[in-house]
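Undergrad: Okay, handing you the structure first.
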Amino acid sequence: MKSKIQIIYIFITLLLCVDILAYYLEKISLIGYFSDVLLFWIWLGLTMAVIVIFWKKILAKVMLAILILGLICSILPMMLPFYTVMLSMSSYGLRMKKDLNEKYRAQIVGYSVLSPPWLEIIEKRGIIEKRVFSCTDNSINGETELKIGSAKDIIFNSETDKTLLITLFYGDKNKTITFDKTTGKIIL
């Protein structure tokens, strides 16, 4: 039984590491917003189970000490890293999520207490997804001062071979954003 738990724990740990590396290096993640969150919580739960099951081993005690020390060290500098982990590994960081069509979905996320939320357009690729466009308030504001975090809806307009058009719906004023598919930048 213990060897099966070890194998499952190693597999989940490797899967989490691959997921983190794929996101930070290639902007690729598992399908949906909550799949990464679920993977993290499964890993954390299994970590606690492994520590309890293998408590007599020195490695389990070292692992628990590292986890507690990491938590304390993240709380010391004004809790900023702790907030970032909490916002990215829970639903608190997700402001809005919408399927635009069968190929794309959009989400407004904010993983930091120091920066405003930003818009991400994610391409669906089966069980994985790739963030293809991302923009902040500074990159969309021309003559208006509309904030991404204040949007009430995200509307898919059209797609060509070179561009993708979406509209941030605010109620009275709306902001249409055109993304260049070859560069990943906004066309002003």
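The values are calculated or read from the model by the stated rules, or taken from the named source; none is laboratory data. Since this is a predicted model, take the numbers as computed values, not measurements. Heads up, the Cβs are rebuilt from the backbone with ideal geometry, glycines too, and the neighbour counts pull from every protein chain shown. Keep in mind that these areas ignore ligands, DNA and RNA; they rest on the heavy atoms of the full protein, side chains included. Shrake-Rupley method; radii C 1.70, N 1.55, O 1.52, S 1.80 Å.
Undergrad: Which residues, taken from segment 130-188, are touching a strand residue (DSSP E or B) at 6+ places or on another chain (Cβ under 8 Å) and on the phi > 0 side of the Ramachandran plot?
TA: 184
Undergrad: Could you give every pair whose Cβ atoms fall below 7 Å, whose first residue belongs to segment 93-110 and is over 13 Å from residue 121 (Cα atoms), and whose second residue is of a type in the set (A, V, I, L, M, F, W, C) and part of a strand (DSSP E or B), counting only separations of at least 6 or pairs across chains?
TA: As it stands, the answer is 93/109; 94/109; 95/108; 95/109, since those pairs meet every condition given.
Undergrad: Among 29, 74, 35, 112, which is the only one that is on the phi < 0 side of the Ramachandran plot, out of contact with any helix residue (DSSP H, G or I) (no Cβ under 7 Å at 6 or more places or on another chain) and open to solvent by less than 50 Å² (accessible area, probe 1.4 Å)?
TA: Details: 29 fails: out of contact with any helix residue (DSSP H, G or I) (no Cβ under 7 Å at 6 or more places or on another chain); 74 fails: out of contact with any helix residue (DSSP H, G or I) (no Cβ under 7 Å at 6 or more places or on another chain); 112 fails: out of contact with any helix residue (DSSP H, G or I) (no Cβ under 7 Å at 6 or more places or on another chain).
Just a single option satisfies the conditions, and that option is 35.
Undergrad: A follow-up question, please. Which residue out of 79, 86 is at positive phi and free of Cβ contacts under 8 Å to residues at least 24 places away in the same chain? So that I can check it myself, show each step before the final result.
TA: On the way: 86 fails: at positive phi.
Just a single option satisfies the conditions, and that option is 79.
Undergrad: Mind listing just one residue for me: the one in segment 124-133 that is part of a strand (DSSP E or B) and either within 19 Å of residue 21 (Cβ to Cβ) or among the polar types (S, T, N, Q) (or both) and, of those, most open to solvent (accessible area, probe 1.4 Å)? Outline the logic, then answer.
TA: So the first thing to find is which residues in segment 124-133 are part of a strand (DSSP E or B), and the list is 124-125, 128-133.
From what's left, either within 19 Å of residue 21 (Cβ to Cβ) or among the polar types (S, T, N, Q) (or both): 125, 128-132.
Values: 125: 108, 128: 62, 129: 4, 130: 46, 131: 58, 132: 41 Å².
So the residue we want is 125.
Undergrad: A further question on this structure: Does segment 23-58 hold any residues that are free of Cβ contacts under 8 Å to residues at least 12 places away in the same chain and in a helix (DSSP H, G or I), and which are they?
TA: Keep residues of segment 23-58 that are free of Cβ contacts under 8 Å to residues at least 12 places away in the same chain, which gives 24-25, 35, 38, 44-45, 48, 52, 55-58.
Correct list: 24, 25, 35, 38, 44, 45, 48, 52, 58.
Undergrad: Go through segment 130-159 and give me each residue that's over 22 Å from residue 27 (Cα atoms) and either touching a residue at least 12 places away in the same chain (Cβ under 8 Å) or of a type in the set (Asp, Glu) (or both).
TA: 142, 143, 144, 145, 146, 147, 150, 151, 152, 153, 155, 157
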